[in-house]
Amino acid sequence: MLDILSFTAEWCGPCRVMGPLMDDISREHPEVSIQKIDADRNKQLLQQHNVRSIPTFIFIKDGKEVDRIIGARAKTSIKQTINSSL
């Protein structure tokens with residue numbers, strides 16, 4: 001299984017754009033677990049994963065980071081990263 005850590009914040013415009021897109025991807029890819037993490041409430045996780053900008057999407061397989069996307073991206077770009085990470 002592939003996990004995606006989705007670091008976002010309520011006040012972040014690009015994060016608000018990516019939210020529905022990530023919901024769509026979650027429905028289309030049941031083999032992927034997307035965990036939405038509020039950056040303002042989880043400072044320790046931001047430090048642990050070296051997140052310096054949001055939105056940030058960290059792709060984790062077998063407990064290891066296999067890819068990372070920083071910033072808003074098109075749905076096709078996220079899906080390509082998913083397919084290459086599976």
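The values are calculated or read from the model by the stated rules, or taken from the named source; none is laboratory data. Note that the coordinates shown come from a computational prediction; the quantities given were computed from them, not determined experimentally. So basically every Cβ, Gly included, is an ideal-geometry build from the backbone, and we count neighbours across all protein chains shown. Quick note on the areas: whole protein, heavy atoms, side chains included, nothing else; ligands and nucleic acids left out. Shrake-Rupley method; radii C 1.70, N 1.55, O 1.52, S 1.80 Å.
If you go through segment 1-32 and keep only what is of a type in the set (S, T, N, Q) and open to solvent by 20 Å² or more (accessible area, probe 1.4 Å), you end up with THR8, SER26. Scanning segment 16-32 for residues being of a type outside the set (D, E, K, R), in a helix (DSSP H, G or I) and under 15 Å from LEU2 (Cβ atoms) gives a total of 3.
Inside segment 33-71, residues that are outside any helix (DSSP H, G or I) and open to solvent by 50 Å² or more (accessible area, probe 1.4 Å) make up a count of 17.
The rows are residues; the columns are (1) in contact (Cβ under 8 Å) with a residue 40 or more places away in the chain; (2) of a type in the set (A, V, I, L, M, F, W, C).
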{"residue": "THR56", "(1), (2)": "yes, no"}
{"residue": "ASP62", "(1), (2)": "no, no"}
{"residue": "ALA72", "(1), (2)": "yes, yes"}
{"residue": "LYS79", "(1), (2)": "yes, no"}
{"residue": "LEU86", "(1), (2)": "yes, yes"}
